[in-house]
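Everything on this sheet refers to the single structure shown next.
FYI, it's all coordinate maths here, none of it is from the lab. Since we're looking at a predicted model, the values are computed, not measured. Glycine gets a Cβ as well: all are built from the backbone with ideal geometry, and neighbour counts include every protein chain shown.
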Amino acid sequence: MPLTPPILEVTDLTVRYDSRVALSDVTFTVAPGERMAVVGPNGSGKSTLLKAIVGLVDASSGRIAVHDHAPGQDRCVAYVPQRAGLDWGFPVTVYDVVLMGRAHRVGWLRRPGAADRAAVAAALAAVDIEDLSSRRIRDLSGGQQQRMLIARALVQDARLVLMDEPLNNLDAASADTIMAVLDDLSANGVAVLVAMHDLVLAEARFDSALLLARRMVACGPPHESLAEDHLRAAYGAGLQIVESPDGHHVLSDPGCCDDGHAAVIAPKMPRRVATGMAPPSHIAGPRVVDERERGSRRG
Amino acid sequence: MADWAGAVATWLAGPWQGAFMAPKFAAILVLAPVCGVVGTFLVLRRMAFFGDALAHAILPGIAIGYIVAGGASAAAMFGGALGAALVAAVGISALRQRAEVAEDSAIGIVFAAMFALGIALISRPAPPGVAPVDLSHILIGQILAVGWGDVWRMAAVGVVVLVVIAALYKELVIASFDSVLATTLRLPLAALDTLLLVLLAVTIVIGLQAVGVVLMVAFLVTPAATAFLVTDRLPQMMALSTVVALASGLIGLYVTYYAEIAASAAIVLPCTLCFGAAFAWTGWKQRRRDTEATPSALPNG
């Protein structure tokens, strides 16, 4: 029984899109400062869960209490969307976008003040992109875009931060920066839910893992919730566990994939290693360097 | 040389002789910033078709204003136009609530229906003692009929539009750029979207007299789309969009004065030329950047 009350309490949550069930029977709590990985195959409801918590989609049944508020009623939640959903051609700079996160603190009819500018500067420094402050957002690489979106979440001074696949297709430096930001958030008592594909990282660097397959398969400490039988239940027949000299590897076809992502191929560390140390980030899951990053490396 | 300069000065001063053209220039001066700023939102939100539809949907409002007032009362037609624009905006958003009706279909259905209603009302025989409405003036505008009274009304409405946008600038930008953030910050997204539609409708209504129903969308979209090509920041885009609209409007008035072409066409075509030039210039810059980048990108051939 935790001494502090949970910041997030989800009870029997079910979300339907029209008649299709996107997510059912999800029950878990998140404590202040807790770092939870939300994992599962593509189409398993990870994004839906985060959107329901922040109030972007309605729960069909069940209850979501953020800090004892209903979803959408509490501004202490920040949400980092998937990069693909934004209009990157919009004529704004990195600074402009991060400052948008302060809008509700600035208030109606007011201009941002010194405190807001300081918060933006601190957030840009935290994700290591101060030098990109005046760059137009269409000229950012994928990793820089992701860092900017995280900076925008940081300036909201949220108590609960939800991130939708922030680690997908990132260069190693950006992934390391984001993991460092997660460390800072946890140290400051901010709870973080991260939707992700990388099971190794989930096991090594997260306090808990929530395994989804359009329903809740398991939730708890990663070494329990990501046990082999749970993974088989979530990833289905596509899952193969291959023994090799350096531990065993979990290979998965996209199980109930319906949104066109690449297959997940995650090298799984032996238990004794995974509990004691973090894996170097260069083995952290599948990585595709996008064209922009290639271009900037050449130049 | 002096003769040449004198000729240009005489040519430029031409329209200013007598009081006739001054309110026309003043109308352009008022409309350019309003269209430049509102057009910027229209372009960034990809609502050009919606803007065109609203301009057409205003026709029955003007006709009803005319009939109710029993003649060409500017105030009655203005009120009617505004009412029709708001009815169209509400109708379109009501239709697209249902998933079976795509947004562009909803826009097409509503604007064509309202335009047809407008034609039906206008084509009726005028009651005795009332002059018939001249449809072509509404369709292609008649800036040469603008007087100082019209200019003051345009200016009053235009100032309200710009003040509202300035006051709610950061919220309107967030709602336009990232509706998800607006929702998570608990900004009243639906109210902000509706407000922008109302501002658009009001802008179209004050612009109609100058450029008419058919070409209104060009005066909103083309300057902003031109500015989008060559600027990196939103405020600069609004400023440049205003400059393009202003320059095109002034050029258009001179062309109208000397060549006796319909003013709306003479205003819109310079806008299009600006866009063409910006399009060509950015394309040329892009190609040059690509050819410069190629050798360094492939250092080993």
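General remarks:
- Given their separation in residues at 0.36 nm each and the Cα-Cα distance between them, A:D12 and A:A233 gain 77.6 nm when the chain is fully extended.
- Segment A:129-203: C-alpha gyration tensor shape, a/c 1.5 cut-off, then a/b vs b/c: oblate
- Value at 222 nm in deg cm²/dmol, rounded to 500, when DSSP H runs of n ≥ 4 in chain B each add -39,500 (n - 2.57): -27500 deg cm²/dmol
- Sequence-ordered 3J(HN,Hα) estimates for segment B:9-24 from the Karplus curve with 6.51, -1.76 and 1.60 and θ = phi - 60° stand at 4, 4, 4, 5, 6, x, x, 8, 6, x, 8, 5, 7, 3, x, 5 Hz, glycine and proline given as x.
- Computed magnitude of the charge dipole of chain B (debye, nearest 20; Cβ of K, R +1, Cβ of D, E -1): 320 debye
- Projecting the Cα positions of B:A182, B:L82, B:A26 onto the charge dipole of chain B (unit charges on Cβ atoms of Lys, Arg, Asp and Glu, taken about the Cα centre) puts B:A182 furthest along the positive direction.
- With θ taken as phi - 60° and the Karplus curve 6.51 cos²θ - 1.76 cosθ + 1.60 applied, the whole-hertz 3J(HN,Hα) list for segment A:140-152 is 8, 7, x, x, 5, 4, 5, 4, 4, 5, 5, 4, 5 Hz, x standing for glycine and proline.
- Our estimate of slack between B:Y169 and B:A131, defined as 0.36 nm per intervening residue step minus the Cα-Cα distance, is 9.3 nm.
- In chain B, Cα pairs under 8 Å separated by at least six residues give a relative contact order of 27 percent.
- Taking amide H positions as modeled 1.01 Å from N, with prolines and chain starts lacking one, the residues under 5 Å from A:L212 and 5 or more places away or on another chain are A:V39, A:G40, A:V217.
- Here the 3J(HN,Hα) profile of segment A:165-179, calculated from phi with Karplus coefficients 6.51, -1.76 and 1.60 at θ = phi - 60°, is 6, x, 9, 5, 6, 9, 6, 4, 5, 5, 4, 5, 4, 5, 5 Hz, Gly and Pro shown as x.
- Applying 1/(1 + (r/R0)^6) with r as the Cβ-Cβ distance of B:R186 and B:Q236 and R0 = 25 angstrom yields a FRET efficiency of 0.25.
- Segment A:93-113 and segment B:152-206: distance between their alpha carbon centers, rounded to Å: 17 Å
- Using R0 = 56 Å, the C-beta based FRET efficiency linking B:W16 and A:D157 works out to 0.45.
- Ranked B:F279, B:F41, B:F219, criterion: other C-beta atoms within 10 Å, fewest first: B:F279, B:F41, B:F219
- Going from the residue with the fewest nearby Cβ atoms within 10 Å to the one with the most, A:Y17, B:Y254, A:Y79 rank A:Y17, B:Y254, A:Y79.
- Average partner coverage of A:147-156, which counts Cβ from other chains inside 10 Å: 1
- Treating each Cα of the protein assembly as shown as an identical point scatterer and summing with the Debye formula, the log10 of I(q)/I(0) at q = 0.08 Å⁻¹ comes to -0.70.
- Chain B: C-alpha gyration tensor shape, a/c 1.5 cut-off, then a/b vs b/c: oblate
- Peptide-level mean, for A:135-143, of C-beta atoms on other protein chains within 10 Å: 1
- Separation of alpha-carbon centers, segment A:114-149 and segment A:155-219, rounded to whole Å: 20 Å
- Rounded to the nearest 20 debye, the dipole magnitude of segment A:148-225 is 320 debye, with +1 charges on Lys and Arg beta carbons, -1 on Asp and Glu beta carbons, and the Cα centre as origin.
- The ranking of A:T27, B:T10 from fewest to most other beta carbons within 10 Å of each one's beta carbon is B:T10, A:T27.
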